[in-house]
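Just so it is clear, none of the values below were taken in a lab; they were calculated from the coordinates. Here the structure is a predicted model, which is why all the values come from computation and not from measurement. Every residue, glycine among them, receives a Cβ derived from its backbone with ideal geometry; neighbour counts consider all protein chains shown.
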Amino acid sequence: MLYLAESNLTINFKQNRINVYMARTQNINLNNIEKLLSQQTMVILNAVDKKINGLENKINKFEEKTNKNFDKLTTLIDKFVNLYTKQEQEFKIMKYELNQIKKVIKDKLGIEIA
């Protein structure tokens with residue numbers, strides 16, 4: 001019976017050593033895994049950050065180009081509106097003058113122009 005108790009102690013001692021070793025190994029592995037995950041997260045975040053910065057630069061360039069084109073278009077429309085307004089004013093003046101000429105012809109010559 002003493003022999004059996006001694007072997008149980010030996011088995012329990014060995015089992016405890018294995019449990020302690022496994023606990024330490026798991027602790028070390030968990031710490032390593034946490035460090036690796038942290039490093040991996042930083043790498044991923046840096047890559048995403050670079051991609052976002054690149055996209056922001058492209059968007060800024062696109063905005064600048066769009067603003068320049070919009071300015072050109074605005075200038076062109078302003079010129080067109082001014083030209084149209086001048087043409088319209090000239091047309092009104094010509095119409096008024098033509099009516100005056102018609103009136104003079106009617107009064108002086110008695111001829112009505114339609």
Report the label-to-label distance for Phe70 and Leu36 in nanometres (one decimal), using points 7 Å from each Cα along the Cα→Cβ vector.
5.1 nm
Rounded, prolate or oblate (a/c below 1.5 giving rounded, otherwise prolate when a/b exceeds b/c) for segment 27-114 by Cα gyration tensor:
prolate
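Can you tell me the length gained on complete extension of the stretch Asp49 to Phe91, counting 0.36 nm per residue apart and subtracting the Cα distance? Don't skip to the answer; put the middle values down first.
On the way: separation 42, 0.36 × 42 = 15.12 nm, distance 6.16 nm.
Here the answer is 9.0 nm.
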